[in-house]
1. Can you pull the accessible area of Phe155 for me, 1.4 Å probe, Å² to the nearest 10?
2. With the cut-off at 18 Å, tell me which of the pairs Lys31/Lys71; Lys13/Lys39; Lys14/Lys64; Lys39/Lys139 have Cα atoms farther apart than that.
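The values are calculated or read from the model by the stated rules, or taken from the named source; none is laboratory data. These numbers were taken from a predicted model, which means no experiment stands behind them. For the accessible areas, the whole protein counts, side chains as well, though only heavy atoms, and no ligand, DNA or RNA atoms are used. Shrake-Rupley method; radii C 1.70, N 1.55, O 1.52, S 1.80 Å.
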Amino acid sequence: KAIKFNKVRTIRKKDVVFPASNRRMISLWYKPTAGDFAKQWSILSTTRGSGYGANFGMHLAMNKDTATSKKWLYYRVIGTNDAGAESSVEGYSNGSGPDKVSFEFVQDQWHHICIFYDYNWTTKTPTVNQYPIEVYVNKQRIFYAGVVPNVTQAFTRTYSVGDMPTLTAVSTNATEGVIDESIWENGDRVWTIAQMNAYYDAVMSADYLD
């Protein structure tokens, strides 16, 4: 069932133990509302925040560009570098480089967002991932990154949908949109690109979304 968020409640699962894995994925459907379009940030899905100290994992949000008011997709993958210090890769869908396609959210329309992380991507065929980090919207690749932080170790965090939680309250960046079918997978359960495309086509042809 799709959930319309209202800045009062978010979905949080505390103390989730994410297993050690070279591959991770988030998939979700998002329909932004006028409330989302009026604010600078709307958090969609994240393992950031929630009082665990260092950030770790994956993060998706909608951002309103302050200069143009365009609504970009924002992603961030946070892990460690070879020295064990925090390291991250991030991007906005503003088409500012060869690794980014210009994409803007449309109010009151559904968008399927899928982010893939594959630490051992060089051993895979192109039908899985061509880059260690790839982000898709409605089957179109919006981002890719060739430099990747290490997010392979097991870690414990709150998995949150609709906000980046604090320890005590819903944040000002909580979404006011509608989110459905939020999925996190690891290891062999991570989709191939072909599986992602087949899932998208099945949902769209059968109109599963509320």
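1. Counting only protein heavy atoms, Phe155 exposes about 10 Å² to solvent.
2. On the way: Lys31/Lys71 12 Å; Lys13/Lys39 25 Å; Lys14/Lys64 29 Å; Lys39/Lys139 27 Å.
Check vs 18 Å cut-off fails for Lys13/Lys39; Lys14/Lys64; Lys39/Lys139.
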